[in-house]
């Protein structure tokens, strides 16, 4: 079973203490975002979980906790979003220089194959047009060279929440030929820095620009991390064009205080503040408590491989996967 933590919120940035408590206790409760009275109980025992996939814009608060996650015998990798958006769009993130430094530190700690860069979403405004974004992307790619192998990209999708949150932002919509020229330069810049581009649920990038679909929840990477083949079905609950395999998300919408204007996961700052106030790091739920009116069911996805210890999976280390040996053997504890 793969645990996604999380497409719905930034658990590494804001909920690391809660996550560790859940891993120690071996389970978590997750509300159905479309029916709050339906709650899933998900095992977080190391024997049930093959891998944790972290989605974040600022993993710095989680870095001191990685050693304990490893001691609990969990494998993991990161989807790390680092865009060229300015403060008008990403209001509450740390300075970009800090996030670049954190990216490099994390990659040195666990290996560049396990830190996947997301330059996502791509959106153009009057103040940040294509040429400026290309310069910013080039600067980021140069600074991340050797610290990641892949960059996932997509153009902004204007979901209802995004449209509402972006009200008042002067968005530009280039013609297709301009976007194709932009993408060609992204590919060239990535290649110059040994970074391959992948497209996240973006049919234009895939069909018009020839960019391979990303697998953010990636069975190929998991096989390399685990040191053996895995068999898992495609995630049927994701958007068309998504290459991800099946996982269980343990996050909750309307809980991320980064305040990014393009975010699809938040309805309003008030909703985020309300849910943050209801967060208890000792609760099995990310926010709030059970009321007694819920139906709680056990949810799982079958294991990808027979249960094995870390030593059994990796033997003496480098023979299986030299770039992602057992996490505890890299860096300092």
| query | How high is the FRET efficiency between residue 25 and residue 207 when r is their beta carbon distance and R₀ equals 35 Å, given to the nearest 0.05? | reply | 0.15
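Determine the percent antiparallel among the DSSP beta bridges restricted to the stretch 1-129, to the nearest 5.
Of all bridge pairs located within the stretch 1-129, approximately 30 percent are antiparallel.
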| Is the shape of the stretch 1-96 rounded, prolate or oblate, going by the alpha carbon gyration tensor and its root eigenvalues a ≥ b ≥ c, with a/c under 1.5 for rounded and a/b larger than b/c for prolate? | oblate
| Sequence ranges 278-291, 71-84, ranked by mean other-Cβ count within 10 angstrom, highest first | 71-84, 278-291
| request: Calculate, for residue 181 and residue 65, the FRET efficiency according to 1/(1 + (r/R0)^6) with r their C-beta to C-beta distance and R0 56 Å; round to the nearest 0.05. | output: 0.85
| remark: Most exposed first, judged by fewest Cβ atoms within 10 angstrom, 234, 161 run 234, 161
| Cut-off 15 Å, label 7 Å out along Cα→Cβ of residue 170, residues of the stretch 108-139 by amide N | 124-130
| remark: Each label sits 7 Å from Cα toward the beta-carbon; between residue 126 and residue 157 the label points are separated, in nm, by 2.9
| message | As a test, work out the antiparallel percent of DSSP beta bridges whose residues both lie in the stretch 2-329, rounded to the nearest 5. | response | 25
| Two-site label geometry, residue 277 and residue 91: point separation in nm, points 7 Å out along Cα→Cβ | 1.7
| request: Work out the FRET efficiency for residue 269 and residue 231 from their Cβ-Cβ distance, taking R0 = 30 Å, and round it to the nearest 0.05. | output: 0.10
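Every number here is computed from the coordinates shown, using simple stated rules; none is lab data. Here the structure is a predicted model, which means the values were calculated and not measured. Note: ideal-geometry Cβ built from the backbone for every residue, glycine included; neighbour counts use all protein chains shown.
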